[in-house]
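A short worksheet on the structure shown next.
Every read-out reported here was derived from the displayed coordinates using simple, explicitly stated rules and does not represent laboratory data. Here the structure is a predicted model, which means the values were calculated and not measured. Here Cβ is always computed from backbone atoms with ideal geometry, including for glycine, and neighbour counts include all displayed protein chains.
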Amino acid sequence: MKKNNYWSPYLSGAGIGLALLAAFYVMGKGLGASSAFSIVSAVAVHQVNPEYAGHLKYFSRYLSVDSPFRDWIVFELCGLFAGAFTGALASRNFHLRLDKGHGMGNATRLFTAFTGGILIGFASRLARGCTSGVGLTGGAQLALAGWIFVISMFVGGFLFAAIFRKMWS
Amino acid sequence: MNSPLYEYDLLGEGASLIVALVIGFFFGFFLERGGLGNPHKLTGVFYFTDFTVPKVMFTAILVAASGLYLLSDLKLLDMDKVWIVPTYFWPQITGGFIFGLGFLVSGYCPGTSVAGLASGRIDALVAMTGMVAGSLVFAFLYPFLESFYMSAGMGAITLPNLFRINHWIIMVIIYACAGIMFYLMERYEAGKTG
């Protein structure tokens, strides 16, 4: 396996910090990601069954506006995709593949990716954001929310890694 | 003082979406270049094999926090107009804990899954689909969860408000903790390879 060509995590972290600072300066709010997935979910349900979507009280926050996708975080995530794609192409890091832990089967990987995703989608709503919207943004504002979320996330990760020892290592 | 620019109406809604694309571009570029589109690096911290996540995360927090409070102290940015992430203590503790499990199992978080897909990872796309489904699970269960979701609200509270001390004292403590943490991680990694 050839050695990866990633940049120093401190350099990458400083770049992300400056992007976050730019968001504070220009927009008066930080970065985010998870609410875009929630918007997609609300719009998808609305497309399939508008009446049922109307009954979901939580989704009304997204569906009460004229165009739910005309949202700052949706655009930010589109930019994120383009930026990451550029980085991957420029560094010859783009490879179509199913990435998984050593010795894990493809079907198992599809299952873990999907169920892990469900947990994340659920947990992000409960916490009012994810690693970006609560962790990074709240953390940088010195908001209590950001620090309790990050600490709790690491506690959860370490604890379950001890249980699922073979998943990635 | 006339920033945040958007809050002072120096920027229209359309322009703000262009800003979102540009800021998102740099966010994604640095995520990918830091290795955070790679689920092995993303989960490495939980197995003590790769400390990229805490290094990137705490460096980003330190840079942005220093800049934010510096701009505010220099009266270049009106902190009262910055939307502070609100605290709901127990929902965020619980959410963070479940999130940690989901992060470990899927190998991604929401932003990094997009970076994973952008570097060609099909499993990241599957994880993203799961996140969309998980949002629906939450919306479906919301009638049962609403009272908990709205509980333990503390508003836009920050650590300096909570402990009633100057924000730079908090910053110095965080700098010191991060410094010690980075030093220990580097030493541990050097010990494993060398």
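Has segment B:183-190 got at least one residue that is among the charged types (D, E, K, R), loosely packed, with under 14 Cβ neighbours inside 10 Å and farther than 18 Å from A:TYR10 by Cα?
no
Identify all residues within segment A:30-60 that are facing chain B (nearest Cβ under 8 Å), over 14 Å from B:PHE140 (Cβ atoms), in a helix (DSSP H, G or I) and touching a residue at least 40 places away in the same chain (Cβ under 8 Å); write none if there are none.
A:SER34, A:ALA36, A:PHE37
What residue, among those in segment A:134-169 that are among the β-branched types (Val, Ile, Thr) and within 18 Å of B:ILE93 (Cβ to Cβ), is surrounded by the most Cβ atoms within 10 Å (Cβ to Cβ)?
A:VAL134
Restricted to segment A:68-110, and to residues that are hydroxyl-bearing (Ser, Thr, Tyr) and in a helix (DSSP H, G or I), which residue is nearest to the other protein chains (Cβ to nearest Cβ)?
A:THR86
Only one residue in B:LEU68, B:LEU145 is among the aliphatic types (A, V, I, L, M) and either surrounded by 23 or more Cβ atoms within 10 Å (Cβ to Cβ) or under 16 Å from the mean Cα position of the chain (by Cα) (or both), so which one is that?
Criteria check complete, one pass: B:LEU68.
If B:VAL22 meets every condition in (1) of a type in the set (A, V, I, L, M); (2) under 15 Å from the mean Cα position of the chain (by Cα); (3) assigned to a helix (DSSP H, G or I) apart from one, which number is that one?
Here B:VAL22 meets the rest and fails (2).
Can you tell me how many residues in segment B:157-182 are surrounded by 14 or more Cβ atoms within 10 Å (Cβ to Cβ), farther than 17 Å from A:ALA143 by Cα and not aliphatic (A, V, I, L, M)?
Total meeting the criteria: 1.
Could you list, in sequence order, the residues of segment A:66-97 that are surrounded by 15 or more Cβ atoms within 10 Å (Cβ to Cβ) and among the aliphatic types (A, V, I, L, M)?
A:ILE73, A:VAL74, A:LEU77, A:LEU80, A:ALA82, A:ALA84, A:ALA88
One residue is enough: does segment B:110-122 have a residue meeting the conditions within 19 Å of the chain's Cα centre (by Cα) and farther than 26 Å from A:LEU89 by Cβ?
no
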